[in-house]
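Working notes, beginning with the structure itself.
The values are calculated or read from the model by the stated rules, or taken from the named source; none is laboratory data. A quick note: this is a predicted structure, and the numbers were derived from the prediction, not measured. Ideal geometry is used to build each Cβ from the backbone, glycine not excepted, and the neighbour counts take in all protein chains shown. Ligands, DNA and RNA are excluded from the accessible area calculation, which covers all protein heavy atoms including side chains. Shrake-Rupley method; radii C 1.70, N 1.55, O 1.52, S 1.80 Å.
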Amino acid sequence: MSNTIIGVVGTTPLPPTLDEMLEAFDEVEQVMRVTKKYKLASWEFHPKKTRIKVLDFEIGGDEVVVIAGPCSVESEAQTLETARAVKAAGAKALRGGAYKPRTSPYEFRGLGQKGLEILATAREETGLAIITEVMTPADVEQVYKYTDIFQIGARNCQNYYLLEEVGKTGKPVMLKRGMSMLIEEWLLAAEYVLAQGNPNVIFCERGIRTFETQTRNTFDIAAVPVAQKLSHLPIFVDPSHAAGKRPFVASLAMAGVAAGADGLIIEVHPNPDHALSDGQQSLNFEEFADLMPRLAKIAEAVDRTVVAGELAPV
Ligand code: PEP
Ligand code: MN
(Lines give C-alpha, C1' and ligand atoms only; values in the text may rest on other atoms or scores of the structure.)
(Ligands and ions follow the chains in the order given, each with its own letter.)
Protein backbone atom coordinates (compact mmCIF):
# COMPACT_ATOMS: atom_id res chain seq x y z
CA MET A 1 0.00 0.00 0.00
CA SER A 2 1.34 3.41 -0.86
CA ASN A 3 0.78 6.60 1.08
CA THR A 4 -0.18 9.89 -0.49
CA ILE A 5 0.78 13.04 1.37
CA ILE A 6 -1.25 16.13 0.58
CA GLY A 7 -0.01 19.56 1.65
CA VAL A 8 -2.76 22.04 2.47
CA VAL A 9 -1.85 25.72 2.55
CA GLY A 10 -3.72 28.85 3.53
CA THR A 11 -4.89 30.49 6.71
CA THR A 12 -7.33 28.78 9.05
CA PRO A 13 -9.19 30.92 11.54
CA LEU A 14 -10.07 27.90 13.70
CA PRO A 15 -7.30 25.33 13.28
CA PRO A 16 -8.72 22.47 15.40
CA THR A 17 -11.95 22.46 13.40
CA LEU A 18 -10.15 22.04 10.08
CA ASP A 19 -8.03 19.23 11.45
CA GLU A 20 -11.15 17.43 12.68
CA MET A 21 -12.95 17.93 9.38
CA LEU A 22 -10.09 16.39 7.42
CA GLU A 23 -9.62 13.56 9.84
CA ALA A 24 -13.30 12.67 9.40
CA PHE A 25 -12.55 11.35 5.89
CA ASP A 26 -12.00 7.59 5.88
CA GLU A 27 -9.15 7.97 3.43
CA VAL A 28 -7.23 10.34 5.71
CA GLU A 29 -4.94 8.48 8.03
CA GLN A 30 -3.41 11.40 9.86
CA VAL A 31 -3.46 15.20 9.83
CA MET A 32 -0.12 16.78 10.69
CA ARG A 33 0.62 20.46 10.98
CA VAL A 34 3.80 21.69 9.29
CA THR A 35 6.01 22.70 12.16
CA LYS A 36 7.97 25.43 10.35
CA LYS A 37 6.48 28.74 11.31
CA TYR A 38 7.11 30.10 7.84
CA LYS A 39 5.55 27.36 5.80
CA LEU A 40 5.19 28.76 2.31
CA ALA A 41 8.53 30.55 2.35
CA SER A 42 10.37 27.39 3.41
CA TRP A 43 12.13 24.88 1.16
CA GLU A 44 9.93 22.15 2.63
CA PHE A 45 6.97 23.41 0.67
CA HIS A 46 8.83 24.58 -2.39
CA PRO A 47 11.99 22.59 -3.10
CA LYS A 48 12.86 24.70 -6.16
CA LYS A 49 14.24 28.23 -5.98
CA THR A 50 11.61 30.79 -6.89
CA ARG A 51 12.15 32.62 -10.16
CA ILE A 52 10.08 35.70 -10.82
CA LYS A 53 9.56 36.93 -14.35
CA VAL A 54 9.32 40.69 -14.73
CA LEU A 55 8.95 42.08 -18.27
CA ASP A 56 11.95 40.61 -20.15
CA PHE A 57 14.10 39.53 -17.21
CA GLU A 58 13.98 37.05 -14.39
CA ILE A 59 14.70 37.49 -10.69
CA GLY A 60 16.20 34.45 -8.98
CA GLY A 61 17.98 33.09 -12.06
CA ASP A 62 21.66 33.23 -13.01
CA GLU A 63 21.67 36.96 -13.56
CA VAL A 64 22.15 39.29 -10.61
CA VAL A 65 19.48 41.86 -11.42
CA VAL A 66 20.38 45.49 -10.84
CA ILE A 67 17.65 48.00 -10.08
CA ALA A 68 18.64 51.65 -9.90
CA GLY A 69 17.12 55.10 -9.74
CA PRO A 70 16.47 58.03 -7.48
CA CYS A 71 15.21 57.75 -3.93
CA SER A 72 12.27 59.96 -4.90
CA VAL A 73 10.66 60.93 -8.16
CA GLU A 74 11.21 64.69 -8.14
CA SER A 75 10.40 65.75 -11.69
CA GLU A 76 9.95 64.30 -15.15
CA ALA A 77 13.35 65.56 -16.28
CA GLN A 78 15.20 64.12 -13.26
CA THR A 79 13.47 60.75 -13.59
CA LEU A 80 13.85 60.37 -17.36
CA GLU A 81 17.47 61.43 -17.29
CA THR A 82 18.18 58.88 -14.57
CA ALA A 83 16.19 56.16 -16.31
CA ARG A 84 18.21 56.61 -19.52
CA ALA A 85 21.52 56.61 -17.65
CA VAL A 86 20.87 53.54 -15.51
CA LYS A 87 19.47 51.64 -18.48
CA ALA A 88 22.58 52.42 -20.53
CA ALA A 89 24.74 51.17 -17.64
CA GLY A 90 22.85 47.87 -17.46
CA ALA A 91 20.03 48.30 -14.94
CA LYS A 92 16.91 46.23 -15.58
CA ALA A 93 14.43 48.24 -13.54
CA LEU A 94 13.96 51.80 -12.37
CA ARG A 95 13.32 52.60 -8.72
CA GLY A 96 11.76 55.85 -7.54
CA GLY A 97 9.39 56.71 -4.73
CA ALA A 98 6.17 58.59 -5.41
CA TYR A 99 5.02 58.01 -1.83
CA LYS A 100 7.92 58.51 0.55
CA PRO A 101 8.02 57.47 4.18
CA ARG A 102 9.98 60.28 5.82
CA THR A 103 11.17 60.40 9.39
CA SER A 104 10.02 64.00 9.64
CA PRO A 105 6.62 65.10 8.32
CA TYR A 106 8.22 68.39 7.19
CA GLU A 107 10.47 66.71 4.61
CA PHE A 108 9.63 66.02 0.95
CA ARG A 109 7.08 63.22 0.97
CA GLY A 110 6.83 62.51 -2.74
CA LEU A 111 4.74 63.61 -5.71
CA GLY A 112 2.04 60.94 -5.30
CA GLN A 113 -0.08 60.40 -8.43
CA LYS A 114 2.06 62.79 -10.48
CA GLY A 115 5.14 60.77 -9.52
CA LEU A 116 3.49 57.54 -10.66
CA GLU A 117 2.68 59.14 -14.01
CA ILE A 118 6.30 60.20 -14.43
CA LEU A 119 7.40 56.62 -13.74
CA ALA A 120 4.96 55.43 -16.40
CA THR A 121 6.53 57.82 -18.91
CA ALA A 122 10.01 56.52 -18.04
CA ARG A 123 8.81 52.93 -18.42
CA GLU A 124 7.25 53.71 -21.77
CA GLU A 125 10.37 55.44 -23.07
CA THR A 126 13.07 53.09 -21.79
CA GLY A 127 11.32 49.74 -21.40
CA LEU A 128 12.64 49.52 -17.84
CA ALA A 129 10.41 47.83 -15.29
CA ILE A 130 9.24 50.01 -12.41
CA ILE A 131 9.50 49.46 -8.69
CA THR A 132 7.89 51.96 -6.36
CA GLU A 133 6.79 51.99 -2.76
CA VAL A 134 3.24 51.59 -1.55
CA MET A 135 2.65 52.71 2.02
CA THR A 136 -0.99 52.04 2.75
CA PRO A 137 -3.63 49.48 1.74
CA ALA A 138 -5.73 52.35 0.39
CA ASP A 139 -3.09 53.12 -2.26
CA VAL A 140 -2.53 49.56 -3.50
CA GLU A 141 -5.08 49.80 -6.32
CA GLN A 142 -3.61 53.07 -7.59
CA VAL A 143 0.04 51.98 -7.40
CA TYR A 144 -0.85 48.63 -9.00
CA LYS A 145 -1.66 50.45 -12.25
CA TYR A 146 1.85 51.86 -12.56
CA THR A 147 4.30 49.48 -10.94
CA ASP A 148 5.80 46.15 -11.97
CA ILE A 149 7.04 45.42 -8.45
CA PHE A 150 5.53 46.75 -5.24
CA GLN A 151 8.14 48.00 -2.80
CA ILE A 152 7.25 47.53 0.85
CA GLY A 153 9.52 49.79 2.86
CA ALA A 154 11.41 48.88 6.01
CA ARG A 155 8.95 50.86 8.10
CA ASN A 156 6.02 48.88 6.75
CA CYS A 157 7.51 45.41 6.67
CA GLN A 158 5.23 44.36 9.53
CA ASN A 159 2.17 46.27 8.38
CA TYR A 160 0.18 43.09 7.99
CA TYR A 161 -2.91 44.59 6.36
CA LEU A 162 -0.72 46.18 3.72
CA LEU A 163 1.09 42.87 3.14
CA GLU A 164 -2.22 41.07 2.66
CA GLU A 165 -3.44 43.72 0.26
CA VAL A 166 -0.39 43.46 -2.02
CA GLY A 167 -0.64 39.70 -1.61
CA LYS A 168 -4.09 39.77 -3.19
CA THR A 169 -2.79 41.47 -6.34
CA GLY A 170 -0.42 38.67 -7.38
CA LYS A 171 2.19 41.25 -8.50
CA PRO A 172 5.82 40.86 -7.35
CA VAL A 173 6.50 42.37 -3.94
CA MET A 174 9.90 43.46 -2.64
CA LEU A 175 9.91 43.18 1.12
CA LYS A 176 12.54 45.41 2.67
CA ARG A 177 13.70 44.14 6.03
CA GLY A 178 12.41 46.14 8.98
CA MET A 179 15.00 48.18 10.85
CA SER A 180 15.09 45.89 13.88
CA MET A 181 13.64 42.77 12.42
CA LEU A 182 14.80 39.22 13.06
CA ILE A 183 15.21 37.11 9.94
CA GLU A 184 12.48 34.81 11.22
CA GLU A 185 10.08 37.76 11.59
CA TRP A 186 10.95 38.80 8.05
CA LEU A 187 10.13 35.34 6.73
CA LEU A 188 6.84 35.47 8.60
CA ALA A 189 6.07 38.86 7.06
CA ALA A 190 6.60 37.26 3.63
CA GLU A 191 4.17 34.57 4.70
CA TYR A 192 1.38 37.19 4.85
CA VAL A 193 1.88 37.91 1.15
CA LEU A 194 2.34 34.26 0.18
CA ALA A 195 -0.73 33.14 2.12
CA GLN A 196 -2.87 35.36 -0.11
CA GLY A 197 -1.81 33.27 -3.07
CA ASN A 198 0.97 35.57 -4.29
CA PRO A 199 4.19 33.55 -4.68
CA ASN A 200 6.23 36.50 -6.01
CA VAL A 201 8.05 37.78 -2.95
CA ILE A 202 11.58 39.18 -3.05
CA PHE A 203 13.46 39.90 0.16
CA CYS A 204 15.69 42.96 0.42
CA GLU A 205 18.37 43.39 3.07
CA ARG A 206 18.82 47.14 3.57
CA GLY A 207 20.73 47.23 6.83
CA ILE A 208 19.52 47.04 10.37
CA ARG A 209 19.68 49.45 13.27
CA THR A 210 22.61 48.87 15.64
CA PHE A 211 24.70 51.02 18.00
CA GLU A 212 27.05 51.98 15.14
CA THR A 213 26.69 55.51 13.78
CA GLN A 214 29.41 55.67 11.11
CA THR A 215 27.02 54.09 8.65
CA ARG A 216 23.29 54.80 8.43
CA ASN A 217 22.48 51.15 9.13
CA THR A 218 24.56 48.04 9.70
CA PHE A 219 24.61 45.93 6.57
CA ASP A 220 23.74 42.42 7.68
CA ILE A 221 25.55 40.58 4.92
CA ALA A 222 24.90 37.24 6.63
CA ALA A 223 21.20 37.77 5.98
CA VAL A 224 21.83 36.83 2.34
CA PRO A 225 23.08 33.25 2.83
CA VAL A 226 20.85 32.77 5.88
CA ALA A 227 17.66 33.77 4.03
CA GLN A 228 18.73 31.60 1.10
CA LYS A 229 19.25 28.65 3.41
CA LEU A 230 15.84 29.09 5.00
CA SER A 231 13.80 30.10 1.98
CA HIS A 232 13.43 29.52 -1.74
CA LEU A 233 12.57 33.19 -2.29
CA PRO A 234 15.10 35.51 -3.98
CA ILE A 235 16.95 38.10 -1.93
CA PHE A 236 18.24 41.53 -2.96
CA VAL A 237 20.51 43.91 -1.12
CA ASP A 238 20.21 47.68 -0.89
CA PRO A 239 23.73 49.02 -0.33
CA SER A 240 22.50 52.64 -0.43
CA HIS A 241 20.29 52.55 2.66
CA ALA A 242 22.70 50.21 4.43
CA ALA A 243 25.69 52.54 3.94
CA GLY A 244 23.89 55.85 4.04
CA LYS A 245 27.05 57.47 2.68
CA ARG A 246 28.10 57.56 -0.98
CA PRO A 247 31.75 56.46 -0.53
CA PHE A 248 30.69 53.14 0.99
CA VAL A 249 27.92 52.19 -1.43
CA ALA A 250 30.13 50.49 -4.03
CA SER A 251 31.89 48.29 -1.44
CA LEU A 252 28.61 47.10 0.02
CA ALA A 253 27.17 46.49 -3.44
CA MET A 254 30.16 44.32 -4.33
CA ALA A 255 29.89 42.49 -1.01
CA GLY A 256 26.24 41.78 -1.76
CA VAL A 257 27.07 40.17 -5.08
CA ALA A 258 29.93 38.20 -3.49
CA ALA A 259 27.55 36.91 -0.81
CA GLY A 260 25.24 35.54 -3.48
CA ALA A 261 22.47 38.16 -3.61
CA ASP A 262 19.99 37.72 -6.44
CA GLY A 263 19.95 41.43 -7.11
CA LEU A 264 20.79 44.93 -5.99
CA ILE A 265 18.72 48.07 -5.62
CA ILE A 266 20.85 51.21 -5.75
CA GLU A 267 20.02 54.90 -5.47
CA VAL A 268 21.24 57.00 -8.40
CA HIS A 269 20.59 60.70 -8.97
CA PRO A 270 21.66 63.17 -11.68
CA ASN A 271 22.83 65.60 -9.03
CA PRO A 272 23.01 63.89 -5.64
CA ASP A 273 23.92 67.06 -3.76
CA HIS A 274 20.60 68.57 -4.73
CA ALA A 275 18.41 65.51 -4.28
CA LEU A 276 15.19 66.02 -2.31
CA SER A 277 15.84 62.81 -0.38
CA ASP A 278 18.82 60.56 0.33
CA GLY A 279 21.29 62.56 -1.78
CA GLN A 280 24.12 61.75 0.64
CA GLN A 281 23.88 58.07 -0.29
CA SER A 282 23.01 58.40 -3.99
CA LEU A 283 25.55 57.68 -6.71
CA ASN A 284 25.84 59.97 -9.72
CA PHE A 285 25.63 58.49 -13.22
CA GLU A 286 29.35 58.08 -13.61
CA GLU A 287 29.78 56.34 -10.27
CA PHE A 288 26.98 53.95 -11.13
CA ALA A 289 28.33 53.21 -14.61
CA ASP A 290 31.79 52.58 -13.11
CA LEU A 291 30.37 50.20 -10.54
CA MET A 292 28.52 47.92 -12.99
CA PRO A 293 31.56 46.26 -14.64
CA ARG A 294 33.10 45.75 -11.20
CA LEU A 295 29.94 43.95 -10.10
CA ALA A 296 30.15 41.86 -13.26
CA LYS A 297 33.64 40.67 -12.30
CA ILE A 298 32.53 39.66 -8.82
CA ALA A 299 29.44 37.95 -10.18
CA GLU A 300 31.66 35.79 -12.34
CA ALA A 301 33.55 34.59 -9.27
CA VAL A 302 30.30 33.30 -7.75
CA ASP A 303 29.00 31.77 -10.99
CA ARG A 304 26.48 34.51 -11.67
CA THR A 305 26.28 37.27 -14.24
CA VAL A 306 25.80 41.02 -14.22
CA VAL A 307 25.33 42.49 -17.65
CA ALA A 308 27.06 45.85 -17.52
CA GLY A 309 26.33 48.43 -20.18
CA GLU A 310 28.30 51.50 -20.92
CA LEU A 311 28.76 55.01 -19.64
CA ALA A 312 25.65 57.07 -20.10
CA PRO A 313 25.63 59.61 -22.94
CA VAL A 314 25.93 63.07 -21.43
C1 PEP B 1 13.83 53.75 -0.03
O2 PEP B 1 14.02 52.73 -0.71
O3 PEP B 1 13.99 54.91 -0.47
C4 PEP B 1 13.49 53.58 1.41
C5 PEP B 1 12.77 54.47 2.06
O6 PEP B 1 14.01 52.44 1.92
P7 PEP B 1 13.76 51.74 3.35
O8 PEP B 1 12.30 51.45 3.40
O9 PEP B 1 14.62 50.52 3.26
O10 PEP B 1 14.22 52.71 4.40
MN1 MN C 1 15.89 56.37 -0.10
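The table below lists the values:
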read-out: Every pair of residues 6+ apart whose Cβ atoms lie under 9 Å, when the first sits in the range 138-152 and is closer than 14 Å to Val173 by Cα while the second is of a type in the set (Lys, Arg) and modelled with pLDDT under 95; value: none
read-out: Options Glu117, Glu58, Glu133, Glu124: the member that is acidic (Asp, Glu), closer than 19 Å to Ser240 by Cα and without any contact (Cβ under 8 Å) to a residue 40 or more places away in the chain; value: Glu133
read-out: Extreme residue, farthest from ligand 1 (Cβ to nearest atom), among residues of the range 75-117 that are in contact with a Gly (Cβ under 8 Å, 6 or more places away or on another chain) and part of a helix (DSSP H, G or I); value: Ala88
read-out: Members of the range 226-268 that are open to solvent by less than 10 Å² (accessible area, probe 1.4 Å), within 16 Å of ligand 1 (Cβ to nearest atom) and charged (D, E, K, R); value: Asp238, Glu267
read-out: Cβ-Cβ under 6 Å pairs, at least 6 apart or on other chains, the range 200-219 side modelled with pLDDT under 95, far side open to solvent by 30 Å² or more (accessible area, probe 1.4 Å) and not hydroxyl-bearing (Ser, Thr, Tyr); value: none
read-out: Hits in the range 90-148 - residues which are closer than 28 Å to Asp262 by Cα, surrounded by 17 or more Cβ atoms within 10 Å (Cβ to Cβ), within 16 Å of ligand 2 (Cβ to nearest atom) and more than 18 Å from the chain's Cα centre (by Cα); value: Gly115
read-out: Residue within the range 153-167 that is within 16 Å of ligand 2 (Cβ to nearest atom), among the basic types (Lys, Arg) and open to solvent by 10 Å² or more (accessible area, probe 1.4 Å) present; value: yes
